[in-house]
1. Criterion first (in contact with a helix residue (DSSP H, G or I) (Cβ under 9 Å, 6 or more places away or on another chain) and assigned to a strand (DSSP E or B)) does residue 198 satisfy it?
2. Listed residues 306, 280; which is in a helix (DSSP H, G or I), touching a helix residue (DSSP H, G or I) at 6+ places or on another chain (Cβ under 9 Å) and under 25 Å from residue 29 (Cα atoms)?
3. How many residues, within the stretch 85-100, are under 25 Å from residue 11 (Cβ atoms) and within 20 Å of the chain's Cα centre (by Cα)?
4. How many residues does the stretch 13-22 hold that are in a loop (DSSP other than H, G, I, E, B) and in contact with a helix residue (DSSP H, G or I) (Cβ under 8 Å, 6 or more places away or on another chain)?
5. Only residues that are assigned to a loop (DSSP other than H, G, I, E, B) and under 13 Å from the mean Cα position of the chain (by Cα): list them for the stretch 135-149, please.
6. For the stretch 205-230, how many residues are assigned to a helix (DSSP H, G or I), within 24 Å of residue 272 (Cα to Cα) and in contact with a strand residue (DSSP E or B) (Cβ under 7 Å, 6 or more places away or on another chain)?
7. Within the stretch 257-266, take every residue that is surrounded by 23 or more Cβ atoms within 10 Å (Cβ to Cβ) and touching a helix residue (DSSP H, G or I) at 6+ places or on another chain (Cβ under 6 Å) and give me the one that is nearest to residue 57 (Cα to Cα).
């Protein structure tokens, strides 16, 4: 039996990850961050996620995280919902981060199961207690990020049980191999407790995931307008047009997913005058000029808003 609140509107649509904008010297560029957010909203994002892995959350200090949460939520000012990633190995710290995000105005928090390095893992009982602790600290939804980076296998029966038994566990970003099959099984097993079965991984599996019942997509932040074309057509019941849009945008999605990675959105934003620097933080490598040009070559064929927003 689900214990989810029935009076809470479900979040649906395209919720891209905002990159963290740095200056060439590696310091935060808050003016650039605000322009990035404005662009993402103008490009049709239904909502925005911050401090995710594609935001380089792992190179940020706790103080910088707090600055980015406040800067983002104050600047977005309710124009779209904001999801704040609050992942941490510690149940207590993750709960505290999640409460702070809620207090700042976050619509939802996104959390990976606890992991550290290549070998520190937690058994299912500990993962359950971890998410129970996070849920108990807040009253907004929790999205579980099921991604290979955590190295933690989350079975569908376990995810469905947490959805049914833990109050705020209700959204799931599935970005593991065979994501569509996992989404389909999760929706079947979890029923009404699965409020938001979402696609991830830069939309590389978007059509299959929509076919499986996904109601949201968390992609890179560079071209929400392109992802919207796919999502909107599908949501309107025109799956053939959605497939045509998907086929058209797939080379760019693929280039981001397999070549440019988390720097892709920044490269596009810099090219279009949204931001001044596409720097990533050391020790991450800066984008190779050939990779940058390859990405832009593919993008130019599509004429996404990002390439002209700041011109």
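1. Criteria met by residue 198.
2. Values: 280 fails: in a helix (DSSP H, G or I).
The match here is 306.
3. Summing the residues that are under 25 Å from residue 11 (Cβ atoms) and within 20 Å of the chain's Cα centre (by Cα) in the stretch 85-100 gives 10.
4. Qualifying residue count, the stretch 13-22: 5.
5. Let us first name the residues in the stretch 135-149 that are assigned to a loop (DSSP other than H, G, I, E, B), namely 138-141, 147.
Matches in the stretch 135-149: 147 only.
6. Going through the stretch 205-230 one residue at a time, the tally reaches 3.
7. Step one: list which residues in the stretch 257-266 are surrounded by 23 or more Cβ atoms within 10 Å (Cβ to Cβ), which gives 260, 263-266.
Those still in the list that are touching a helix residue (DSSP H, G or I) at 6+ places or on another chain (Cβ under 6 Å) too: 260, 264.
Values: 260: 18, 264: 16 Å.
Among them, the one singled out is 264.
To keep it simple, each residue is scored yes or no on (1) in contact with a strand residue (DSSP E or B) (Cβ under 6 Å, 6 or more places away or on another chain); (2) farther than 26 Å from residue 13 by Cβ.
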residue: 82; (1), (2): yes, no
residue: 102; (1), (2): no, no
residue: 112; (1), (2): yes, no
residue: 119; (1), (2): no, yes
residue: 125; (1), (2): no, yes
residue: 137; (1), (2): no, yes
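Rule-based calculations on the coordinates, nothing more; no lab input. Only a predicted model underlies this, so the values are computations on that prediction, with no experimental measurement involved. No Cβ is skipped: glycine too gets one built from the backbone with ideal geometry, and neighbour counts run over all protein chains shown.
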